[in-house]
Amino acid sequence: MSDDLLPDPAQGALSEPLSRAIGERYLTYALSTIMHRALPDARDGLKPVHRRILYAMRELRLSPTGAFRKSAKITGDVMGNYHPHGDAAIYDAMARLAQDFAMRYPLVDGQGNFGNIDGDNPAAARYTEARLAGTSEALMDGLTEDSVDFRPNYDGTLTEPAVLPAAFPNLLANGASGIAVGMATNIPPHNLHEVIDACLHLIKSPDARDDTLATLLKGPDFPTGGVVVESAESMAETYRTGRGAFRLRARWSVEDLGRGQWQIVVTEIPYQVQKSKLIERLAELIQTRKIPILADVRDESAEDIRILLEPKTRSVDPEQLMAALFKTSDLEIRFNLNMNVLIDGRVPKVCSLKEVLRAFLDHRREVLLRRANFRLDKIAARLEVLEGYLVAYLNIDRVIEIIRHEDEPKAVMMAEFGLSEVQVEAILNMRLRALRKLEEIELRAERDALLKERDGLQAMLADEDAQWAQIATQLKEVRNLFGKSTPEGQRRTEIAEAAETPVIDIEAMIEREPLTVILSKMGWIRAMKGHQPLDAEVKFKDGDGPGFALHAETTDKLMIFASNGRFYTLPASNLPGGRGMGEPLRLMVDLPNEAEVIAIFPWREGVKYLVASKAADGFIVNSSDILAQTKSGKQVLNGDALLCRPVAGDHVAVVAGTRRMLVFPLTELPEMARGKGVRLMKLKPGGLFKDEVLTDAITLNLVDGLSWPMGGGKTRTESDLSEWVGKRAGVGRMAPRGFPRDNKFA
């Protein structure tokens, strides 16, 4: 016994290191998730739950031409016999197999409410009914002919198939998705006709390249249609590596309304996009004015999709409008492909297109061989019986005599005619009506037909080329049933060349209109149309009051500087209207609760700003360095920020809490993109009291002097500032007589 696995005499059990115990148990869980839950089998394209649902429905004899059965009954049988998990999970999986907007070739024929493309859930299992679809019959064709292995179910009372015979490549036809432990899979659906064409080509040319197979497959074929805009080279590389993505767009057209008016009609939306959420997103783009050239969206869908997009004016370019919507909504998505599947039901692997098709074809060959051997055994058994029948017909009188007079007719017949026990049993069980002459002729014809079939099967088993020819014939039969000759088999998704996407300037779409931006003391922001007087009376919420007011335009970007030293960018066109009280600024940008707004102004290119902290540190920053790309803003000034002022002049004037003022040349301040800055003025420590802080700073032209407001609307100007001019980081002198008591320049 190893040293790290020792018996515990107190408990009578073995102890082991925690890391090993956790590792082994987690590995067991991971393998269970990968093999029995999340990844599909490359041979039949099914996960265990889907395979068990179809098999249970087959056991209930729910054929495509038979009656429907309550979904609750089906779910109960699956859970009780094969899949001991939640009935809700089983029903959800079965409902998806019946959704024609989720499955390219539905495997279940549903009756009732099985959900819709809006995202509504299916009705409860007691209200819906289901039966197998024709495609499921093709997947399970030959299941009773020893074509696949069966394994015990979870409690060992029944058996279930480990994999289905699968007459067509369901993995590619219907796609799959799942998340395992440390790996995932995501395979789009494809057109069954094209997938079988690729299989036939691979049978004919086993060394075919992935690029050739990709040209036959063309690309995904989603049940909801749409347009794949991806280059052939990109798709070929995706299928070669088993990883990649496809750009999928909605299908749209321009509908002429007469008199120069028009509207856009969307008739197909991308796969797995819920129509209701798409409409909400488009309405949000209109409400927030992110797409100014879009005026309205209406949903007129019934059985089919019909979404109407109304432009702002007739002069709008439809291509430009749709390009903007593709960029900002789910009218265009990227569907990722990750062909991670189980090879032979055991080994997870990211496969290329060729590897997936090869796994399916090898499975079909194994099914063919097993069915052929099964049929040979059946033929041998039947021929044995037929030979006995023919012996009985040739000696019919003696057979009847033995049966009438012998106590043990079986032993006598076996000894006299050299028959086997099986043959004698068949003769003894024969009906009297079978003794007619015609029956003998039919038996000889049946024997000859079986001998011919046996010879054909044996020849096929001995010739690999004949085996692949038989598989090709079977695939062609399936193609005739579900291929492009049927309405359901027609390709739905168009494959278009990846046209160069025009550069969309959303800001250029915004109509330039004057605005008056109001930011309240409690942080509620709104925009009133036109340039209103900044001192006009405005209503606020109870307990709130005026904070900032400024003139701007709809095309402006508003810069918000907060006490945490971060700049936030907010498009003026996104601001709520001025009819209400506005909306909280903190919902539009990630402004912390403890941070306060210090300044708000329209962004202008080439403008420089003086930023300073209460600790009297600061620098000059260019407007190009303060634009934020995200809601979280851009950190510029490190420290407790005090102010942000545009630079206009050749000197800087600063004032501290003890009314000391210092003026120094602007050239002594560095221009930086971010940081703490340099010392503006020397502050005095507070000792037992609070340390002194900077209270204000401003830039000015020294020759013009310094002005500040006085009471009664008067202004005072100190034209000679030589007394306060000094070096940066100096102590300064007492502010001029009459300087405001709040130590502010403005």
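Cα convex hull, the range 301-419: 311 Å³ per residue, rounded to a whole number. Calculated over the chain, the projected area of the Cα convex hull averaged across directions stands at 58.2 nm². The charge dipole of the range 393-454, taken about its Cα centre with unit charges on the Cβ atoms of Lys, Arg (+1), Asp and Glu (-1) only, comes to about 320 debye. In whole percent, what relative contact order does the chain give with Cα contacts below 8 Å and a gap of six or more residues? Worked out over the chain, it gives 9 percent. Considering the dipole of the range 331-447 built from charges on the beta carbon (Lys and Arg +1, Asp and Glu -1) around the Cα centre, which of ILE396, VAL367, ASN338 is farthest to its positive end? In the range 331-447, that residue is ASN338.
How would you rank LYS614, LYS476, going from fewest to most other Cβ atoms within 10 Å of each one's own Cβ?
Details: LYS614 18, LYS476 13.
Listing LYS614, LYS476 from fewest to most nearby Cβ atoms yields LYS476, LYS614.
Value of Rg to Rh for the range 495-635, rounded to two decimals, is 1.03; Kirkwood radius and Rg both from alpha-carbon coordinates. By the beta-carbon count within 10 Å of each Cβ, the least crowded to most crowded order of PHE68, PHE168, PHE664, fewest first, is PHE68, PHE664, PHE168.
With the cut-off at 1.5 for a/c, could you classify the range 251-290 from its C-alpha gyration tensor as rounded, prolate or oblate? Since a/c reaches 1.5 but b/c is at least a/b, the shape of the range 251-290 is classed as oblate. Orientation-averaged projection of the range 604-746 equals 9.9 nm² [convex hull of Cα atoms, one quarter of hull surface area]. Taking the square roots of five times each eigenvalue of the Cα gyration tensor of the range 138-213, the equivalent ellipsoid has semi-axes of 28, 19, 11 Å, listed largest first. Ranked for footprinting exposure by Cβ neighbours inside 10 Å, fewest first, GLU668, GLU303, GLU194 give GLU303, GLU668, GLU194.
Given a cut-off of 23 Å, what percent of all Cα-Cα pairs of the range 251-330 lie beyond it?
On the way: 435 of 3160 pairs.
For the range 251-330, the fraction of Cα-Cα distances above 23 Å is 14 percent.
When only alpha carbons of the range 415-469 are considered, Rg and Dmax amount to 16.6, 47 Å. Take the Cα of GLU387, go 7 Å toward its beta carbon, and the backbone nitrogen atoms of the range 458-477 under 19 Å from that spot belong to 458-459. Here the dipole of the range 664-737 is about 280 debye; that uses its Cα centre as origin and unit charges on the Cβ of Lys and Arg (positive) and Asp and Glu (negative). Across the range 717-734, rounded Karplus estimates of 3J(HN,Hα) from the backbone phi angles (6.51 cos²θ - 1.76 cosθ + 1.60, θ = phi - 60°) give 10, 9, 7, 9, 10, 4, 5, 9, 6, x, 7, 4, 6, x, 7, x, 10, 4 Hz, Gly and Pro being marked x.
Laboratory data are not the source of any read-out in this text; all were calculated from the coordinates shown. The structure presented is a predicted model; accordingly, all values stated were derived computationally and were not measured. Using ideal geometry, Cβ is built from the backbone for each residue, glycine included, and neighbour counts are taken over all protein chains shown.
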